[in-house]
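Please read the structure below before turning to the comments.
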Amino acid sequence: MTRFTGQVAVVTGAAQGIGAATALRLASEGAAVAVVDLSVERAAATVEAITAKGGTARGYGCDVADINAVEAVFAQVAADLGGIHILVNNAGITRDNLFFKMPKDDWDAVITVNLTSAYNCSQIAQRYMCKQRYGKIVSLSSRSALGNRGQANYAAAKAGIQGLTATLAIELGPFNINVNAVAPGYIATGMTAATAERVGATPEQHQELAAERTPLRRVGRPEDVASVVAFLVSEDSSYVSGQTLYVNGGAR
Ligand code: NAD
């Protein structure tokens, strides 16, 4: 499959979990992938996994919460790999707590890393995409955008992603840029393993409970999200923009 041959994809938070699976998927279909994470060392395993399969990838250390760092790294990506055609705003964190106990620092951190980073990366990427009159942006929202106990900060950030997506689709559409979001439910990754630990469960126990609540009776895999992101950044969805697609096993 070569849907992305000749294209450069930037995937943020691609050292592990959904970002790593997305980087691997896009590379398997021909994209040259910039594997962006907090440090180049963290990105190395994903880069190795891609190159071991004959794909093209390069790792970049970047805190996506820092727009100056994003600007510098994206310029480097464009110089190294030959442009920026696809951006996947995937980097994210959680700092869960009931609202009455939620420290301001945890509010700020989650809004900054999950939402402001999407502003930062989209703001810089659209400069390249507008010039070339082509681009695809997909950002990670979450089922939690609809409300989730203990996640006021995260839910607000992920709902913000949906508003940002709908608006960027309107403003960037005339430049042939598609902007969409995916909203996963429970996907088994390091993030959900950390949540399990916080509530005193093993990852397996936590996943079993989530599976019972899910109509498809299983939790999601990073690859379940990666394949939907690949669809949304491909020409197979060229008339889809401004949408948030829930990837959550049928849960309401
Ligand atoms: P994860 O914790 O496994 O991976 C997140 C990655 O982002 C890590 O490699 C981390 O180093 C990187 N990262 C964090 N802060 C960063 C920063 N400031 N700059 C650069 N990189 C940074 O998470 P995951 O489960 O793979 O989630 C990926 C995305 O999907 C997140 O946006 C998350 O909110 C979203 N999501 C996850 C789930 C789920 O159930 N796992 C559900 C809905 C949405």
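Please treat every number below as a calculation from the coordinates, not as lab data. These numbers were taken from a predicted model, which means no experiment stands behind them. Here Cβ is always computed from backbone atoms with ideal geometry, including for glycine, and neighbour counts include all displayed protein chains.
What the table below lists for this structure:
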quantity	calculated
Asp108 versus Tyr134: modelled label distance in nm, points set 7 Å from Cα along the beta carbon direction	4.2 nm
Cβ-defined net charge surrounding Thr214, 14 Å radius [Lys, Arg +1; Asp, Glu -1]	+3
Euclidean distance of C-alpha centroids, region 64-80 and region 172-245, integer Å	26 Å
Filtered trypsin sites (Lys or Arg not before Pro), region 81-138: DSSP coil and at most 11 other beta carbons within 10 Å	Arg133
Gain in span if fully extended, Asn68 to Leu98, counting 0.36 nm per residue against the direct Cα distance	7.5 nm
Among the listed pairs Lys101/Lys158; Lys53/Lys136; Lys104/Lys136; Lys53/Lys158, those beyond 31 Å (Cα-Cα)	Lys104/Lys136; Lys53/Lys158
